[in-house]
Amino acid sequence: MKGTFRYYCLCLLLVFVLIPAYGLCSSTISICSFNIQFLGNSKQRQNGALADIVKDYDVVAIQELVAPPYPGVYPDGTPYSGDPEAAVFFDEMKARGFEYILSEEDTGSGTKIHNNGSATEWWVAFYKPDVVDPANDLPHGFLDKDRSDNPNFERVPYAFGFRAIEGSLDFVLVSVHLQPDTGFWNEVKRSHELDSIARWIDLNGSDEKDFIIVGDMNIQNKDELGRVIPRGFISMNENCLPTNTNIKKPKPYDHVMYRPTYTQMDIDSAYPFKVGSLVDEMKVYWDSTVDEDYPGTPYQHNKFRKYFSDHQLVSFQMIKGMDLD
């Protein structure tokens, strides 16, 4: 009897203490969203450092990739060349165990796309293949066929479907970069963009219900969040914590939005929404041979974003085994 009791105690210790502590089993998927300003447009970018701070996440959605990393072909059959600056970041991510999904082409507010410059952006999500698989049976891809000068979007968002390798969880991340700047009409445009995303979700959500909108939404303050968030959605950044690096002009630009009616049970409440601290984190990686002074102490905005970014990463976790749709 004593031996049986000890056996059960050992099993409980293994399940609740040793396995979580040593990472032998994980019941969650960690996700981060990170706007890396003009990624692929700076030879000074400290790509290894940026890849290192996201290496422990399972899914990483990136905004502001301005050029493709490797050669490819646009949907119209036109070939494009790879961008060396973008390739360095992708190579660093692959070295840390990531695979990726890249959009078929770029998108922007002007009439011309297929331009490897800061006027347009590509969408990419990196993922750990031992944790999730791309789920192309779920809604995925651009939210509209017209990727240039679209009447509903500053940049047409992109949906990434994922399914956990273990457990029942599947979900769709909708990565966005909404209309920037202050002012009434810019807020109206952001509101329209979010409503358009919500309508797309309604049209594509007959089977899958877990749609999570992530990215740089350029929301200026808590009052605006209350006005523009689509009906039925909540933001994990409901307190509007600043997500930019500029300490003189803190703004709650980045958000994670979902419909609690369908997705709340899939969100890991034990891991609260987090905003990184890029200025502090990058200091340990700084190479003084690049530049004598670290641009974070004191903070020098233009120099810092050239080497790193002007946004913090934001993160949350989902539970693998709770999905019911």
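The values are calculated or read from the model by the stated rules, or taken from the named source; none is laboratory data. From a predicted model like this one, the values you see are computed outputs, not experimental measurements. Backbone-built Cβ (ideal geometry, glycine too); neighbour counts: all protein chains shown.
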Enumerate the strands (runs of 3 or more DSSP E) found wholly within region 67-152, keeping only those where 2 or more residues are touching a Ser or Thr at 6+ places or on another chain (Cβ under 7 Å).
122-127
Single residue of ASP268, ASP280 found to be surrounded by fewer than 21 Cβ atoms within 10 Å (Cβ to Cβ), touching a residue at least 12 places away in the same chain (Cβ under 8 Å) and over 22 Å from GLY215 (Cβ atoms)
ASP280
Going by what's in this entry, would ASN244 be described as touching a residue at least 40 places away in the same chain (Cβ under 8 Å), crowded, with 19+ Cβ neighbours inside 10 Å, more than 30 Å from ASP202 (Cβ to Cβ) and touching a strand residue (DSSP E or B) at 6+ places or on another chain (Cβ under 9 Å)?
yes
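Residues are listed down the side, and each one gets a yes or a no for (1) closer than 23 Å to GLN63 by Cα; (2) loosely packed, with under 12 Cβ neighbours inside 10 Å; (3) under 17 Å from the mean Cα position of the chain (by Cα):
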| residue | (1), (2), (3) |
| --- | --- |
| LEU225 | yes, no, no |
| MET236 | yes, no, yes |
| ASN239 | yes, yes, no |
| TYR262 | no, no, no |
Kindly indicate whether any position in region 260-270 is of a type outside the set (A, V, I, L, M) and touching a Ser or Thr at 6+ places or on another chain (Cβ under 9 Å).
yes
Which of the residues belonging to region 246-265 are part of a loop (DSSP other than H, G, I, E, B) and farther than 18 Å from ASP325 by Cα?
ASN246, ILE247, LYS248, LYS249, PRO250, LYS251, PRO252, TYR253
Just to be sure before I move on: is ALA61 surrounded by 11 or more Cβ atoms within 10 Å (Cβ to Cβ), at pLDDT 95 or above, under 29 Å from GLY321 (Cα atoms) and in contact with a helix residue (DSSP H, G or I) (Cβ under 8 Å, 6 or more places away or on another chain) in the structure I sent?
no
Among the residues of region 71-107, write down those that are in contact with a Lys or Arg (Cβ under 8 Å, 6 or more places away or on another chain) and at positive phi.
GLY97
